[in-house]
Each structure stands twice: as structure tokens, then as C-alpha cells.
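*Asks:* Mind looking over this structure? Questions follow.
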Protein chains: 4
Amino acid sequence: MKALVTGFEPFSGERVNASIEAVRRLPSRVGGLEVVTAELPTSYARARAALEAAIARANPDIVLCVGQAGERAALCVERIAVNLQHAEIPDNDGALPVDTPVVAGGPAAYLATLPVRPAVAALHEAGLQAQLSMSAGTFVCNHVFYHLMHFAAMERYRFRGGFLHVPALPRPQAGNAPSMALEDIARGIEIVLGAAAPGLETRNQRPGTRD
Amino acid sequence: MKALVTGFEPFSGERVNASIEAVRRLPSRVGGLEVVTAELPTSYARARAALEAAIARANPDIVLCVGQAGERAALCVERIAVNLQHAEIPDNDGALPVDTPVVAGGPAAYLATLPVRPAVAALHEAGLQAQLSMSAGTFVCNHVFYHLMHFAAMERYRFRGGFLHVPALPRPQAGNAPSMALEDIARGIEIVLGAAAPGLETRNQRPGTRD
Amino acid sequence: MKALVTGFEPFSGERVNASIEAVRRLPSRVGGLEVVTAELPTSYARARAALEAAIARANPDIVLCVGQAGERAALCVERIAVNLQHAEIPDNDGALPVDTPVVAGGPAAYLATLPVRPAVAALHEAGLQAQLSMSAGTFVCNHVFYHLMHFAAMERYRFRGGFLHVPALPRPQAGNAPSMALEDIARGIEIVLGAAAPGLETRNQRPGTRD
Amino acid sequence: MKALVTGFEPFSGERVNASIEAVRRLPSRVGGLEVVTAELPTSYARARAALEAAIARANPDIVLCVGQAGERAALCVERIAVNLQHAEIPDNDGALPVDTPVVAGGPAAYLATLPVRPAVAALHEAGLQAQLSMSAGTFVCNHVFYHLMHFAAMERYRFRGGFLHVPALPRPQAGNAPSMALEDIARGIEIVLGAAAPGLETRNQRPGTRD
């Protein structure tokens, strides 16, 4: 049983991105799960290929993509990936798409297949601030989330997929902007992985692995 | 050189108050400062006597009162204590004062005598989210702050006084409400104390200690 | 050319709902559009039938459903209706669904077919505060919006559909909660209707009207 | 019985300031009050002289200064003017004072002498969103408010003074930023004036006007 966890490189001129900082701090095992990680570029043009390559390398049972949402105070387990991309700030290649689909002709949206409500319940039990979210936005986070679920809907992949938005790390001069300590974010990711694993063995067996 | 740091007991039906939790974690020395602590009741009727008793016991050079402000994301160094008390929620005795003065006939306000801007600069340098604040509200926090500065204005006391509002601890189900990790709050209090000490020896000498 | 505009009855113990108040103030014509209106119950069990009856009566070219979102400051043109219903507060029948689909077996989501970005541009031009929104929530508003777009996807209907979330009316004691004047909300609905009409004649001709 | 009401010119590169827009729409009488108005420069260096000249011209019984606070959703009746000026953005002369007193040697603060709580109650009764505020900030608004109350504390003036912060007007592209309709802001100012007048005749008689 293996989980792939991705984080994003910094964007919008910032020097750190809480998502990749926390992903780097993950242990190599969480319960019965082997954990591998990857960094994705904050780029509409390049993120999909990097995600697919990481999935191809890892052949994971679970994929959790993690991104930073600087205006949020809680760990946000995303429910839905939308077939829409629109940027208010340029991505790291300077791209500013206006209302284009992520996948032309793809369905309007996918729901996460990780158990989202149990994940939030487990986060609460661990004392972490968390909630479900109905929108991952239309920036590169949603773009990656949509591609992830689009892969998951294909024949050849067999993984549970989901997306976690995390607050920014404390930024001294950010006034009353919310933040979360790095340790809590990393712990939160582990907890979401732990909540995603149960029942996986019986439900997600690969073709050819049974006997 | 001695600092007295106070925190408040929980109020409004909550089970913890970030201020006293963090104050309890302070070491007994911060740099050249001896640190003593006290818990204050969240009570208009009883807080003043508890504060005065703690000051009388400690005979401190610095007094930093710490309170929790659940809607804030940053450590807030308060600048001004106002001669006004008004409660929207009952204190721990059920009191709900309406626009009464803290000290009848007292001045409209006192400014903190701790070096507030250097304190914020030191917090920023330590990577903590912090800002100056122009209002400690009109609840028991401001009541205590006003009494503190009223004591400090009296002949017989010789201390620098200030007030620090701290965010709530992470509350799992608080949705998008801001919070701060306990370790960061405790570290922040130490840093404010460190910023308050310089120059104290020469300026705040007690009567009788000079020669 | 005809538009049906719906608003909701009050809910959550409130005495007014900005959406129906504004809908009631609409004129019977906006540009070349005849405008008819209907009030929908804030009820998961009863809203769909009321919506369908209103559509059957009006046989409209455009359907704009309007709902109140008390935490928003701007007119929010919704982009996406999600196949998910979940309530944190009971609807007017006391229902509290937990993560159920709006339509079992329906697609994960529908995008609005009204021209959403031109609608926001027209609102801005009129001096009204407006933005696109990526989530209509999971309460009765989204339930109605999903059913609306599900109807629109069916063979027998030929209308453009969309959803507009409007701020609450000014509530004197709501502290710093956002609001919008009733006149501005009603004007905003007219503007969204005006932006929805162009090109409709040629594209949305009814069967039998062509020759 | 006469009231002077002041508003500010635009600042921070904006083209309108809700305060002066609303002040310009005031009628020349509100109940038994004659109303005169003045525009103040958003300048630490020039506002005081303009305020004093307007007071000297009008010889008012009531002075209400009005300013815009773009992040607020409610009409905010300010309670306290603080002897502190500090700017995060330059005023209209490019001044950026850092923690200087408004009046060197002046008291730490003044409380408004207009009846602030009755004013908020009257605003609520009129259906307007309103609250008391404990800080007018440290920008030119507070500077003017402090000078106003400093004048009021002097022997030669006999007026009730206060300050009202008003939301910004609707700004189309301001996203979820709060706002208030111009008509409501203007109506709010009238209501505050109406609430300020009672009891004035008997209490605030000028020397020499009695017989």
C-alpha cells in the first residue's frame, strides 16, 4: 500500500509554499502506508506532466495533492475539482488563462474519492482546525486536482484521489491574515493519509494482484 | 530585574484560555529577567485585586498582562488602555457593565509604557505574526490593562506595563477562525519580555537602590 | 422572450430574505424580456416541485434563481451547481441532509449556461459590487441550482439557466457583517437578466417557432 | 442650534471618499438643527487649520466629523480619539508620521461628547447597520478627531463633538469588501445629528446668550 503526496513550489513571488514545506517533512511510512512525495511546478503548462510522471513512478493506491490557500485558517479537505481554469495572478510561467476548461470535453467536475468527511473528523479528533471545502478555486491547485481525478477515472489507474488546501505558514508582517504552524500542517497531512487508507486493500486491488 | 506575567482563566464557557496556557509554559528566566507568573480571574469585580496582589508580591520591573482575543490571527501588542468597560458577554461572575468607567475620575486612557514597536519588530524577526493594536476592547482585558497602567502611574510603583493579546489555540471545529500554536504564543511572550528589558536598569531604578 | 426569476422565502428564523424581496420589486419587462417571478420554499423536499411548476407555467427562455448568502458583500454570479447536499442548519422543514446527492446518478456538477462573465462585467459597469463565485454551497440554493441545470440538460426544456447569490439586506445589529441596499440588489438582478438575453433569439428558438 | 459636519477629500489614490459625498447630500436643516458642512484635506499638516477655520466660521453647537473606513460594513460611531498618529499609507501630502503625538503634551485620549450609544440605537431603529467603535485608527481621521475634542476641551468652545466612520461606497471590483449605499450613509449622518441634539439647548448655552 503506497501513497503519493505532492506539494507545490512557491508562487506569486513568495519564497516559501507551506504545501511543499510540509510534504518534505512527512515520514516515509504512515501506519501501513509507504509514503512517497513529489514537488509540482505552479504552472498550468507543466503541472500535469509532472503529476503524471510521479504517478507513473509511484504506482500509488492513494494520491493526495496538497496546495497552499493563503486566506484560509483551517486545513481544507476539498470535495470537488472543476473543469475550469482562470487566473487572477500569473502562474510561474506568466500564464493567465481566462475561463478555459482544464480538459476540453471533460465532465464539469469530479468529486474526490478519498473519504473526505472521515478525514475532517480525524483531523478534528487530533485537535487540528479543519473543514470541508466546496471549491479549490480555478488556479493551478484546481487544475492539478481536476487532472488527478481525470486520471483516476481512467481505466489504467486505480487510486483514491483527493486534495488538501493548507493555510500559509506564519508570515510575520501579514497582519491579521490566518496561518498555521508547519508542524500542524505536516501532522494534518499524515492524518488525512491515515483516514484514506482503511478498506483500501479489499476495494482497490489491482488487476492481476489477486492470484 | 524581574517580570510579572499574567494570564486569564477561561471564560465564556470555553475550557481553555490560550493566555494562561502560554504563561504557564514560560521559563523562570528570560535573558537577564526573572519571570514570575499569576493567573487572573476573568471578572470585573475580582481581577483588580488579584493583579494588585501579584504586583505587591513580585515587586516587578516589568508587568506584561496577556489575554486571549479569539478573532485575531496575530500577536497584538496593545498600545492603549481606555477608561471604559462594557461587556457583550457576561464575565465569569455574570457581570455585564454598560459603559461604566474603569476608574471613576481617571484619565480617558493610558498608553502602554513597554516599548511596543520594538516588541513587534522583535516578534517579526523571530518569524512570528504580530502587530500593534489600538484597542484592547472594553471587556476584562482592557479593565486589567487600565488598572495596570493606573497603578504604574502612581507614586509607589516603578514598572513598565503593557498588554499582549494572543490568538486562540487551534479549535478543531472553528472553521475559518484564526488561531496560533501554543509554542508560538509562549515564544512570543518571551520575545516581548526580551524587548521590554533593555535600558531598564538605568531608567527604572528603585528609590534606595541608587546608592 | 421571457425570463423566470425566482427568490426564496426566509429561513433560519429570519424574517426577510433579500432574494425574494428584490425579486418582488422587479418590473414586468426588462429590455425586450417579459419577466415573471416565483417564490420557492427553502426546503429540500419541496423546492424542486415548485421550481418545475414555475418553469412549466412560464415556459421561459431564461431562468435566473436568486438566493441570499448572508456572509457575502457582493452580488455573486454562481458558475457551478454541484450534485451534493449537506446542511449545517435545518431547512424550513427541519431537514438536515448529510452528503447526499441532489439527483442520484446525476453528473457531479453542471456549469451555468447564462453568460456569467458578461453578467459580472455589466454589473461592474453599472457600479455594483459583483464577482463570479465557484460555489453556491450545499444548502437549498445549490439544490435548486442543480435541479435547474438538470432540467436545462433535458430534451424538453430550452432555457439558459443561472444562479445569483445576493448579500443580506442591512441588518441594524449585524455588526461588521456585509450587506447591500435592496434597490441595488433589485437593479443587479435586472442587469444580469439584460446580460443574459443577447443572442438568445437566434440560438434558443423553440421547436415549431422556426417556420 | 447649529451643527457643523465635515467630510474628507479622497486619499490613497481613490477618486471618491464616501464621507464627503454623503456630507454634500445633507439638507440644510435636520429637525431643529441648522446644518453647515466643510471639506477637510486628508493631510496631517493641513486638516487642523481647516477644521478650526470651519468651527470659527460656524460657531456650532455640534461638530460631527465624518471619515471613510474602507474595511468596515457598518456605520461606526467612534468613542475615543487617541493622542497618536502613525500612517501606513502616505497622506495627501506624502506624510508618513511614525508614532508621534497629535498634540505634544496633550492627554492620551479624549472620549466623544456626542451621545454615542443613543446615536447607535437611533441608527438601528432606522434600519441602518451601525455599531460603536473603540478606535478611529491613527491616520488623519483620528488626528482630526483628537484635535476636535482638544478644541472642545478648551475654554472658548462650547460644542459636542464626535466622529463617524462610514463604509466605502460600492466599488464594483472590490470583491467581497464591504460597502454601504450613499443614501444610507447620508441618512445615517442625519440620524446621528438628530440623536446628538436633545438636551443641547439647556446644557450647552453660550455665555451671554442667556439673557
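The values are calculated or read from the model by the stated rules, or taken from the named source; none is laboratory data. Because the structure is a prediction, the values reported are computed rather than measured. Neighbour counts run over all protein chains shown; Cβ positions are idealised from the backbone, glycine included. To get the accessible areas, we keep the full protein, side chains included, count just its heavy atoms, and leave off ligands, DNA and RNA. Shrake-Rupley method; radii C 1.70, N 1.55, O 1.52, S 1.80 Å.
*Asks:* Work out the length of the dipole vector of chain C about its Cα centre, built from +1 on the beta-carbon of each Lys and Arg and -1 on the beta-carbon of each Asp and Glu, and round it to the nearest 20 debye.
*Replies:* 500
*Asks:* I would also like to ask the following. What's the total accessible area buried between chains B and A, using a 1.4 Å probe, rounded to the nearest 100 Å²?
*Replies:* Protein heavy atoms only, the B-A interface buries about 1600 Å².
*Asks:* On to the next question. Gaussian network model of chain B, Cα springs within a sub-10 Å range: biggest mean-square fluctuation belongs to which of B:G70, B:G106, B:G161?
*Replies:* Evaluated over chain B, the most mobile residue of the options is B:G106.
*Asks:* Provide the per-residue ³J(HN,Hα) series for segment D:26-40, in order, calculated from phi with Karplus coefficients 6.51, -1.76, 1.60 and θ = phi - 60°, each as a whole number of Hz, with x at glycine and proline positions.
*Replies:* 5, x, 7, 9, 10, x, x, 9, 7, 10, 10, 10, 8, 9, 10
*Asks:* Mind jotting down the distance between the C-alpha centroids of segment D:40-111 and segment B:128-154, whole Å?
*Replies:* Measuring centre to centre over Cα atoms gives 23 Å.
*Asks:* GNM, chain B, Cα, under 10 Å: largest mean-square fluctuation among B:V35, B:V140, B:V103?
*Replies:* The residue that fluctuates most here is B:V103.
*Asks:* Estimate the FRET efficiency between A:E34 and C:R46 by the formula 1/(1 + (r/R0)^6), using the beta-carbon distance for r and 60 Å for R0, to the nearest 0.05.
*Replies:* Computed FRET efficiency for A:E34 and C:R46: 0.75.
*Asks:* Okay, next question. Run the label-point distances for A:R158 please: 7 Å along Cα to Cβ, every other copy, nanometres, shortest first.
*Replies:* 4.9, 8.0, 9.3
*Asks:* When chain A is treated as a GNM, springs tying every alpha-carbon pair under 10 Å, which of A:Y157, A:Y146, A:Y44 comes out with the largest mean-square fluctuation?
*Replies:* Sorting by GNM fluctuation, first place goes to A:Y157.
*Asks:* Sticking with this one: Hey, for C:R57 with labels 7 Å out along Cα-Cβ, what do the inter-copy distances come to in nm, ordered shortest first?
*Replies:* 5.9, 6.2, 7.3
*Asks:* Okay, next question. When you look at the Cβ of every residue in D:123-131, what mean number of other chain Cβ atoms sits within 10 Å?
*Replies:* The shielding value for this peptide is 4.
*Asks:* Continuing with this model, one more query. Quick one: accessible surface of C:K2, probe radius 1.4 Å, all protein chains present, in square angstrom to the nearest 10.
*Replies:* Around 50 Å² of this residue is reachable by solvent.
*Asks:* Largest first, how would D:R72, C:R57, B:R29 line up by accessible area (1.4 Å probe)?
*Replies:* Putting D:R72, C:R57, B:R29 in descending order of accessible area: C:R57, B:R29, D:R72.
*Asks:* Averaged per residue, what accessible area in Å² does the protein assembly as shown show with a 1.4 Å probe, protein chains only?
*Replies:* Solvent-accessible surface per residue comes out at 39 Å².
*Asks:* Now, a different point. Hey, any idea what % of segment B:69-207's accessible area is carbon plus sulfur with a 1.4 Å probe?
*Replies:* On segment B:69-207, the fraction of accessible area on carbon and sulfur atoms equals 55 percent.
*Asks:* How large is the helix-only mean residue ellipticity at 222 nm for chain A, computed as the sum of -39500 (n - 2.57) over DSSP H runs with n ≥ 4, divided by its residue count, in deg cm²/dmol to the nearest 500?
*Replies:* Taken over chain A, the calculation gives -8500 deg cm²/dmol.
*Asks:* Further question: Distances in nm, one decimal, shortest first, from D:E125 to the same residue in every other copy, taking the label point 7 angstrom along Cα→Cβ.
*Replies:* So the label point of D:E125 gives 4.5, 5.6, 5.6 nm to the other copies.
*Asks:* Say the dipole of segment B:73-194 comes from +1 at the beta carbon of Lys and Arg and -1 at that of Asp and Glu; which of B:H165, B:A153, B:V102 then lies farthest toward its positive end?
*Replies:* B:A153
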